[in-house]
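Structure, as structure tokens:
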Amino acid sequence: MSEATASSGLTLWFQRLIASIFLGGQVIVHLLSGKVNRRNTLEQMAAVGPESLLIALTTAAFVGMVFTIQVAREFITLGAGTAVGGVLALALTRELAPVLTAVVLAGRVGSAFAAEIGTMRVTEQIDALYMLKTDPIDYLVTPRVIACCTMLPILTILSLATGLAGGFLIATSLYNISPSVFLNSARNFLGLWDLFSSAIKAFFFGALVAIIGSSWGLTTTGGAKGVGQSTTTAVVTALLGIFVFNFFLSWVMFQGLGGVVLGSP
């Protein structure tokens, strides 16, 4: 019985995943046709950006400090203390800032999307939108996708700066690394492509979180219990998608294009 239940759950998950892919295509079509609800978009941008700022910056600050603690001692022992700032800057810019900010967004915003739209589905509010000749994609999904794709890159850049500030504080106060050495190392290691790649990753992660959260909400069944299950599964799926997409984006950006842009041999 448990094997049958697990198989049924996996099949349902794949069906909902395919539905989210189709939903993403529909969002692109609607965006190209200019169908955007501006009021809802501004409301979602406020929910995704300013209301997520504190937790995103707090996470980035402590990640930067912990990373510096783990790296600085070993680098100083190896005589490479001057590279601490650059290594922290690269790690935050290329991976830690976009991924961890997206994880925070998936937990806070993606779950809210799934819960809110899922509740609308089981209480037949989605059907009411159709009766009013209002497309749920235009009214509910597209504003959320635009909000996440717009605000997550901004949150990522702010998280990057905060993480560097946290690492700078630890490096200079605990490990006596000169502030000028730390900052020069970060400046020498980083290139424009690294900053662009961070924003590009955040853009795709934002779209992923919004589409998965919205799709799982739209496909919710089973009343209050179904809303809870959809919320949990949407967050888990979004986190999985972030890590998988991060691998492929990193491979494309830094195994091929990244080297060309930065002028590496």
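Mind checking which pairs have a first residue in segment 199-223 that is more than 12 Å from Glu116 (Cα to Cα) and a second that is among the polar types (S, T, N, Q), Cβ under 7 Å, 6 or more apart or different chains? Between residues of segment 199-223 that are more than 12 Å from Glu116 (Cα to Cα) and residues that are among the polar types (S, T, N, Q), the close pairs are Ala199/Thr156; Lys201/Asn246; Ala202/Thr101; Ala202/Thr156; Ile211/Ser20; Ile212/Ser20; Ile212/Thr237. Every test in (1) in contact with a Pro (Cβ under 9 Å, 6 or more places away or on another chain); (2) touching a residue at least 24 places away in the same chain (Cβ under 8 Å) is passed by Tyr130 save one, and that test is (2).
Of all the listed residues (Thr162, Thr172), the sole one being surrounded by 20 or more Cβ atoms within 10 Å (Cβ to Cβ) and farther than 24 Å from Gly25 by Cα is Thr162. The lone criterion from (1) more than 30 Å from Phe62 (Cα to Cα); (2) buried (at least 19 other Cβ atoms within 10 Å of the Cβ) left unmet by Val145 is number (1).
Among the residues in segment 22-45, are any farther than 21 Å from Val141 by Cα, touching a residue at least 12 places away in the same chain (Cβ under 8 Å) and of a type outside the set (Asp, Glu)? No, segment 22-45 contains no residue that is farther than 21 Å from Val141 by Cα, touching a residue at least 12 places away in the same chain (Cβ under 8 Å) and of a type outside the set (Asp, Glu).
What number of residues in segment 166-210 are of a type in the set (Lys, Arg) and farther than 22 Å from Thr58 by Cα? Please lay out each step first, then the result.
Going residue by residue through segment 166-210, those that are of a type in the set (Lys, Arg) are 187, 201.
Next, only the ones that are farther than 22 Å from Thr58 by Cα stay: 187.
Result for segment 166-210: 1.
Tell me which residues, restricted to segment 191-203, are among the hydrophobic types (A, V, I, L, M, F, W, C), surrounded by fewer than 24 Cβ atoms within 10 Å (Cβ to Cβ) and touching a helix residue (DSSP H, G or I) at 6+ places or on another chain (Cβ under 6 Å). Give the steps one after another, and end with the answer.
Of the residues in segment 191-203, the ones among the hydrophobic types (A, V, I, L, M, F, W, C) are 192-193, 195-196, 199-200, 202-203.
The next check asks that each one be surrounded by fewer than 24 Cβ atoms within 10 Å (Cβ to Cβ); those that pass are 192-193, 195-196, 199-200, 203.
Listed by number, the residues that qualify are Trp193, Ala199, Phe203.
How about segment 175-189: which of its residues are on the phi < 0 side of the Ramachandran plot and surrounded by fewer than 20 Cβ atoms within 10 Å (Cβ to Cβ)?
If we filter segment 175-189 for residues that are on the phi < 0 side of the Ramachandran plot, which is where we start, we get 175, 177-189.
Correct list: Tyr175, Ser178, Pro179, Ser180, Val181, Leu183, Asn184, Arg187, Asn188, Phe189.
In segment 81-102 there is no residue that is without any contact (Cβ under 8 Å) to a residue 60 or more places away in the chain and either closer than 30 Å to Gly34 by Cβ or touching a Pro at 6+ places or on another chain (Cβ under 8 Å) (or both).
Having 3 or more residues that are at pLDDT 90 or above is the bar; report the helices (runs of 4 or more DSSP H) wholly within segment 166-265 that clear it.
On the way: elements: 179-189, 192-218, 223-252, 258-262.
Once the helices (runs of 4 or more DSSP H) in segment 166-265 are filtered for at least 3 residues that are at pLDDT 90 or above, what remains is 179-189, 192-218, 223-252.
Keeping to segment 46-67, report how many residues are under 22 Å from Tyr139 (Cβ atoms) and either free of Cβ contacts under 8 Å to residues at least 40 places away in the same chain or in a helix (DSSP H, G or I) (or both). The total comes to 4.
The values are calculated or read from the model by the stated rules, or taken from the named source; none is laboratory data. Note that the structure is a prediction, hence the values are computed from the model and not measured. No Cβ is skipped: glycine too gets one built from the backbone with ideal geometry, and neighbour counts run over all protein chains shown.
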